[in-house]
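The values are calculated or read from the model by the stated rules, or taken from the named source; none is laboratory data. Everything numeric in this text was worked out from a predicted model, so none of it was measured. We place every Cβ from the backbone using ideal geometry, glycine too, and count neighbours over all the protein chains shown. Please note that ligands, DNA and RNA were not included when accessible areas were found on the heavy atoms of the full protein model with its side chains. Shrake-Rupley method; radii C 1.70, N 1.55, O 1.52, S 1.80 Å.
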Amino acid sequence: MIDTYSFESPVGVLTLCADKNAVTRISFTPDAVCGVSGRGGSHSDILHEAYTQLCEYFEGKRRNFQIPVEMSGTPFQKSVWQALCEIPYGETRSYKDIAVRIGNPLAVRAVGQANNRNPIMIIVPCHRVIGSNGALTGYACGLGIKEYLLELEKK
C-alpha cells in the first residue's frame, strides 16, 4: 500500500509517496490543496522521515538525504538517477557530464529525458544538471524552481 502526504514547501506543494520500505515518488503539485491523504492520516515512518529531511533541506540544515528510495524505471534511467545522486550538494554537472559518467557519452539527450522522468525530485537531485554552456535548461517543475534550489544550495 502506498501512503501519501502533501505539504506546502518553499517551492509549492510537494506530494510524497512511500510504501513501508522506501520513498517511491516526490512530485510538485501546482495549485494543489495542501493536506494529508493516505491511510486515515496515519503515515509510515519512511514518509515522516522524508518529510522531516526535506524540511531540514529547505531550512539549509541538510545537505545529504539518508532515506531509502525505490525508483521504477529502465536500467538506463536508473543509471542516470544514480549518477545524479553522486553530484555533491551545491555543485552542478552538465547532461554531457552525466552521459560520460554512465559510460555512454553520446546519450546526452537520453540523459535529459531520464532526468525529466526522475520520480523523486530534490532527494535525487535532477535540479543540479545544467546545460554544457552553464545555462539552466529543462526542469519538469519549471526553471524558477530549479533556480531556487540551486540558489538554496549556494548559501
### Message
Every residue in the stretch 71-85 that is under 13 Å from the mean Cα position of the chain (by Cα) and assigned to a loop (DSSP other than H, G, I, E, B), please.
### Response
M71
### Query
Within the set of pairs 6 or more residues apart or between chains, which connect a residue that is of a type in the set (K, R) inside the stretch 115-134 to a residue that is in a loop (DSSP other than H, G, I, E, B) and open to solvent by less than 20 Å² (accessible area, probe 1.4 Å) with Cβ atoms less than 7 Å apart?
R128/I87
### Message
Any residue in the stretch 81-101 that is at positive phi sitting within a Cβ distance under 7 Å of a residue that is open to solvent by less than 80 Å² (accessible area, probe 1.4 Å)? List the pairs, counting only those 6 or more apart or interchain.
### Response
G90/E153
### Tally, over the stretch 116-147, of residues that are within 11 Å of the chain's Cα centre (by Cα) and open to solvent by 50 Å² or more (accessible area, probe 1.4 Å)
3
### Task
Go through the stretch 7-16 and count every residue that is part of a strand (DSSP E or B) and surrounded by fewer than 19 Cβ atoms within 10 Å (Cβ to Cβ).
6
